[in-house]
Every structure is written in structure tokens, then in C-alpha cells.
Amino acid sequence: MATKFKNSYKFAVKSSLAITLISFIATFPMGIFYFKIPVWILLSNLIFLYTISFFILQYRVEHFIYRRIKKIYDNVSLLEHADLRSKAVTTDMQTLTEEIQKFAKNKKIEIESLQVREEYRREFLGNISHELKTPLFTIQSYLETLQDGAIDDLKVRDRYIERAAQSVDRLIYIVNDLDMITKLESGDLHLNIVTFDIVETIRHAFDFLDYKAKKRNISLIFDLNYNKPIYVVGDKERIGQVITNLIDNSIKYGKEKGTTEVSIEDLVNNKLIIRVTDNGLGIQKENVSRLFERFYRIDKSGARTVGGSGLGLSIVKHIVEAHEEHIYVESSFGYGSEFSFTLEKALVEPLDN
């Protein structure tokens, strides 16, 4: 099998050939006709010259490139020292250029990723500052009003103390949600995996949010009559939190006299998918990819009037992913939204049922 000629030797081969050809033109006629040197001696000298030229050029150019390119790499930290070995740097400039371009592209991607993270960090700090500042300033204003003499008016005092207490509850709510996300991300929040009835969990969420739904004339419904339990595997409390948050969001942002429908469907490989669908205003396409970010709000002006910490969907995503499952969102602006997540179906029923 023929061995492929290395590209790294092409420069030395061509340069040596050029030197030998020039020497042949300059010395061969004079050596033959003037100095009467035998042809075989001249040819031997040319072969020797070609061989010496090849090795000297190959060695010198390789080391020349290696020393200078390595210095460039070291200066810009483009490569780790382990990635640059003497034997890997040759006179094949095309390969060398491709390698430099590849590492430069990787660094560019890394820089762009860092820039995105920095932008997210700035936005996150701004959002959390606003979320904490609003209830704090509310509490401060009520307390200052009471200190200025309103405390003597019993009706004003009771009303302001109640509102200040509500702002304190909001602060606690935000801090607890942040603490949960931190624990989920760091793995400190351990899941209590059990087998439970997902239908019962959804009904509990319906009961818990019934009053809030009725205030907006929104109907909470199942897509079918689930007369029998459907058992799944997961953390019952956390999955209940996921369902409650999704239904709560649907009520907050759905249209009045609308519906929030929950369905349970079989998937492949012993998986279920739980869907929460509403016929509200829907979500614009440019906002869908950012829905699960902390404190991200679609309506910057009036979203805070609906309450909440702004962390609900972020917590939902972390809980679902902590179960090694997936969450999805589909929305058609003006027609409604559907949030869905997968869950493992129990192969056997729990012993206590």
C-alpha cells in the first residue's frame, strides 16, 4: 500500500529542488566543458546538495515556525501548552492556519458566551433589586406614615400594618423561592421519590386555586373524566408545586371567562406527559425562549400587578429537570398557551392503595 506523501515536507522538497535546479544550471555546463569533471561526480554532488538542503530547510523552518507561533499562542493564551508540541508544528501552513482558525473560533464562542452571561447577570441583578426594593419601600412608607402620627388613628393604623405585613410576606416569598432555586441548582435540595396518584395531585391544585380562578371567571377542568388513579414516580410535593405554579400562571395571564384545561397522556417508554392549556392571550414568539429565566416578565409595565415572585416558571423548570424530565411550552399569540412536562409512569401501584 502506497504511503501518502506528507504535506509538511512539500515546502522543503520544492525549495530544495529549486536550489538544486539553480545549482545545476550554474555549475553543470561549466563543470563538463571547462573543468572536465565527470558527469557522475556532478550528479552525485547535486543529489548530495538536494539532500542536505532538504534536511536543513525542513529542520530550520519547522523550528522557526514553532518558536514564533508558540510565542504568539503563549501571549494571547490561545492554546494550552499541552496542545502545542514540537512534532505537531510543521511547514504545512494550510494545516497550521486551519488549527489557528479553529482555536480562534472556539475562543470567540467562549467570549460570546461570557458576554451573554454577563448581560444575564446584569439583568438578573436589576430584576432582583426591583423585586426586593418594591416591598421594602412599601413597608418603609407605611412605617414612616405611622411614625408621623397616623398610628393614633386606629383604622389607618390597622390598615397600614396589614399592608406592611403583606409586603413582608412578599419578601419572604421571594427569598424562599430564591433559596429553592439555589438548592435545586446546587443539588442540595434532595427529592423524596415516591409513587403517587397524579390525578389526585391535580385535583388538590384545582381546589387550592379554585377561589382565585372564580375571581376571574376561569374554569379549571380536566380534558377527560379520570375516574381511576394514574400512578407516577416522583417527588409528590415538588410535582404538586409544578402543577400548581403552571395552573396559577394560567389563571393570572389567561383571559376572563376563559378555561384552564389539564390533560394526562401516555408517551413511549413508560412516560406520561401532563399538559396545562389555556385560551388566554398567548405569548409572542420572541418571549417564549426566555420564559424560564428568573424574574423575566413579558409585560414589563403591568406584570407585577398580578403578584408572584417572578420565579415560578424558573422553579418549575428546575424541579422538572431535577427529575431528569423535560418541560415544553407552545403558544400562539392571541389564542392561548400550553405548558407540558414529562413524568415517569409507575409500573406497580403503591402498597398502601
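Points worth noting:
- Its residue count N fixes a reference of 2.2 N^0.38 Å for region 101-165, and the Cα radius of gyration divided by that reference is 2.17.
- Subset of K236/K345; K105/K317; K14/K36 violating a 23 Å alpha-carbon distance limit: K105/K317; K14/K36
- Kirkwood-Stokes translational diffusion coefficient of region 193-345, alpha-carbon pairs, 10 °C, 1.306 mPa s, µm²/s: 101 µm²/s
- Cβ-defined net charge surrounding S337, 10 Å radius [Lys, Arg +1; Asp, Glu -1]: -3
- ³J(HN,Hα) computed for each position of region 133-142 - Karplus, 6.51 cos²θ - 1.76 cosθ + 1.60, integer Hz, glycine/proline x: 5, 4, x, 5, 5, 5, 4, 4, 5, 5
- Gap separating the Cα centres of region 220-291 and region 130-179, nearest whole Å: 34 Å
Every number in this text was worked out from the coordinates using simple rules, so none of it is lab data. Everything numeric here is computed off the predicted structure, so don't read it as measured data. Backbone-built Cβ (ideal geometry, glycine too); neighbour counts: all protein chains shown.
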